[in-house]
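Before any comments, here is the structure.
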Amino acid sequence: MNRDEVLDIFRQCGAMLEGHFILSSGLRSPVFLQKARVFQYPGQTEKLCQALAERIRAAVPGVTKVVSPAIGGIIPGYETARQLGVPALYTERVDGQFELRRGFEIAPDDVVVVVEDIVSTGLSIRECVETLRRIGANVAAAACLIDRSAGEAEIGVPLVSLIQFKVPAYPADQLPPELAAIPAIKPGSRGIQGVK
């Protein structure tokens, strides 16, 4: 699956939004990828995760478990694990820190890949990798559908991405005039809200 095919799926699902968006990092961007709109379509999600699983197989032989950071990584992590034929686990935040809960177990000989939806700064993957390493897991790599950082995110392990898609992002006090002229909204897990 190439870059155009991946982005076409996002467009078909109404998941490529244009405007003035406040990212979770606080930066501003003219493009926002609302991956939840893709994940509502199992067939489209399957296509993306099947292609990601193929990339993972080529880069990391012998994967035995997929772990995802909740909540955004759960659906792509589950579907990618299904394509790889391995268990899908996830970490979740407890008092602001990721933990592996719900009876999930990772053996020292497991080969783990952390799967996320979209990487921008890499913070969620980095925190997930650190959590897994603290419990003795062998984290061989991480993977994502789209790497918005174009390889710049530091996550502590090799990153396998379906595509790289660098979108401009600006500090709030350094906006280009065309972006500053558009009202900002904050999309994502907290909904889309107007911001003044």
task: Please indicate, with yes or no, whether at least one residue in region 42-50 is out of contact with any strand residue (DSSP E or B) (no Cβ under 8 Å at 6 or more places or on another chain), in a loop (DSSP other than H, G, I, E, B) and of a type outside the set (S, T, N, Q).
output: no
- line: Among the residues of region 1-25, the number that are touching a residue at least 60 places away in the same chain (Cβ under 8 Å), outside any helix (DSSP H, G or I) and open to solvent by 40 Å² or more (accessible area, probe 1.4 Å) is 4
message: For the list (1) over 28 Å from ARG28 (Cβ atoms); (2) of a type outside the set (Ser, Thr, Tyr); (3) assigned to a loop (DSSP other than H, G, I, E, B); (4) within 13 Å of the chain's Cα centre (by Cα), I need the number of the one condition that VAL160 fails.
response: (3)
field: Positions within region 93-126 being open to solvent by 20 Å² or more (accessible area, probe 1.4 Å) and within 23 Å of LEU33 (Cβ to Cβ), in sequence order
entry: ARG93, ILE118, SER120, THR121, LEU123, SER124, ARG126
message: surrounded by 24 or more Cβ atoms within 10 Å (Cβ to Cβ), modelled with pLDDT under 95 and not aliphatic (A, V, I, L, M): is that true of SER149 in this structure?
response: no
- line: Looking across region 31-41 at residues that are outside any helix (DSSP H, G or I) and modelled with pLDDT under 95, the single one that is least open to solvent (accessible area, probe 1.4 Å) is LEU33
- prompt: Going by the conditions given, is VAL63 over 18 Å from the mean Cα position of the chain (by Cα) and among the hydrophobic types (A, V, I, L, M, F, W, C)?
  reply: yes
- line: Those residues of region 128-137 which are touching a Pro at 6+ places or on another chain (Cβ under 7 Å) and surrounded by 15 or more Cβ atoms within 10 Å (Cβ to Cβ) amount to CYS128
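The values are calculated or read from the model by the stated rules, or taken from the named source; none is laboratory data. The structure displayed is predicted, hence computed values, not measured ones. FYI the Cβ positions are ideal-geometry reconstructions off the backbone, even for glycines, and counts take in every protein chain you see. To get the accessible areas, we keep the full protein, side chains included, count just its heavy atoms, and leave off ligands, DNA and RNA. Shrake-Rupley method; radii C 1.70, N 1.55, O 1.52, S 1.80 Å.
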